[in-house]
Structure formats: C-alpha cells, structure tokens
1. Under a point spin-label approximation (7 Å from Cα along Cα-to-Cβ), what is the Leu138-Glu119 distance to one decimal in nm?
2. Using R₀ = 41 Å, calculate the FRET efficiency as 1/(1 + (r/R₀)^6) where r is the Cβ-Cβ separation of Asp89 and Ser109; round to 0.05.
3. Points 7 angstrom from Cα along the Cβ direction at Leu157 and Ala28: gap in nanometres?
4. Treat each spin label as a single point 7 Å out from the Cα along the C-beta direction, and report the Asn3 to Ser19 distance in nm.
5. For every other residue with a beta carbon closer than 13 angstrom to the beta carbon of Leu21, add +1 if it is Lys or Arg and -1 if Asp or Glu, then tell me the sum.
6. Using the Cβ atoms and a cut-off under 13 Å, what net charge is assigned to the surroundings of Ala63, where Lys and Arg are +1 and Asp and Glu are -1?
7. Amide H to amide H, which residues 5 or more places from Thr36 or on other chains are under 5 Å from it, using H placed in the peptide plane?
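We did not get these values from a lab; they are worked out from the coordinates using the rules stated. A quick note: this is a predicted structure, and the numbers were derived from the prediction, not measured. Positions of Cβ are generated from backbone atoms using ideal geometry, with glycine treated the same way; all protein chains shown enter the neighbour counts.
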Amino acid sequence: MPNLLISEMSPLAAQAGLSLLLVEEVAADIFTGTFTGKWANAAAATSAVLDGTLYARYYDLPASQAWTGPPGRTTTKVTTRWGKTTAEDFAALCVSRARQAHISGGSGSRVVVNGTVLEQSQILTTHNLAILVDALGLRGRVADLAPELADRAFAWLVHKLQQRQPPIGPGSRRSRTRPMPGGRRCTSSACARHPPMPRP
C-alpha cells in the first residue's frame with residue numbers, strides 16, 4: 001500500500017472507531033535497520049489472524065503465541081532510539097529470515113540487503129492486508145471470492161507471458177532478451193473461463 005493511502009486511511013479508521021495497526025512502506029535506500037514497535041504489534045496481530053492458514057505455513061510465520069506476553073503486550077524486546085520506541089527482536093527476526101532466503105552467497109549492496117530485510121517485514125505483516133480484512137470483517141467475503149480472484153489473476157498472467165514485446169531499439173535491454181515462444185496457448189481451465197483482464 002502506498003504511504004499516501006495509509007495516511008488517508010488512518011484518520012478514517014479513527015473516525016470509524018477502529019484501531020488499525022497500519023505500517024508504512026519503507027524505502028530500501030533510507031532504511032536504517034530499525035522498526036518502530038508498531039511493526040512488531042502488527043506482526044503479532046497478523047500471526048493471530050492467519051494462524052493455521054496456508055499463508056502462515058508457506059511463509060513460516062511465527063505462531064501467535066510466540067508474540068504474546070502479558071495481556072496487551074508482546075514479548076518483543078523494545079528500546080528507544082531517536083526518541084521512538086523500536087522493536088529490536090522484530091528487526092533481528094527480519095534480518096535472520098532475509099539471510100535464510102538469500103541463497104546466492106553474495107553479500108550484495110546495502111540497498112539490496114535492506115530490500116531483503118524489508119521484504120520479510122512485509123511478509124510478517126502482510127503489509128496491512130490481514131489487519132484490514134480482519135478489522136473490517138471481510139474474512140468470509142474474501143474467502144468466498146478468493147478462488148475466482150486467483151483464477152483470474154493466473155489467467156491474466158499467462159496471457160501477458162504469451163505476448164511478444166517489440167524491441168525498443170538496437171542495443172536496448174529489451175531487444176537483447178529472447179521473446180516468449182509464439183503460438184502457445186494456455187490450457188488451464190482458468191483461461192477458458194475468464195477473458196484477459198483489461199488494461200487499467
């Protein structure tokens with residue numbers, strides 16, 4: 001979610017009497033390696049909402065019990081930095097998960113490393129989706145629509161992969177890439193049921 005959208009949703013949620021743990025998008029080139037306590041709380045709420053789901057198993061989310069301490073608090077270690085409360089354990093968990101996911105062996109640039117850490121923070125919080133679906137009471141509706149949405153997304157992806165991209169010009173990056181073999185057709189039932197999604 002873009003930060004501008006989050007900044008608009010937060011006051012609207014407050015007017016509606018909803019307490020939403022919405023986290024912002026952080027740019028990799030300015031990331032300092034710390035997260036505020038809000039991120040840890042959002043991750044704890046996400047683990048509780050998604051407990052036992054395919055998402056939780058696929059991404060190996062911490063169990064909801066792993067985050068909980070005394071009522072209303074998490075076990076995440078916090079400290080104060082630049083006048084803000086930061087979640088040290090949450091940051092360490094993101095770094096650890098990023099290292100496990102990075103199998104190429106190279107250290108990479110600082111921005112690349114930051115990007116892998118931030119990716120894990122978004123996985124642990126679903127970048128606000130689980131929080132919104134739960135707070136707005138949309139779990140049942142999303143569950144009903146999920147198979148259809150997944151089919152349409154897959155059909156759109158296959159359609160896009162079958163399209164040839166014309167080269168931009170001599171020496172361009174696109175002209176040096178091999179085009180997708182032509183003539184292939186999607187055999188998935190999803191492609192038969194749904195036409196290609198229109199351009200936005």
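1. The answer from the label model is 2.6 nm.
2. 0.95
3. 2.0
4. Output for this residue pair reads 2.6 nm.
5. Values: positive: Lys38; negative: Glu24, Asp134.
Neighbourhood net charge equals -1.
6. -1
7. Answer set, sorted by chain and number: Ala87.
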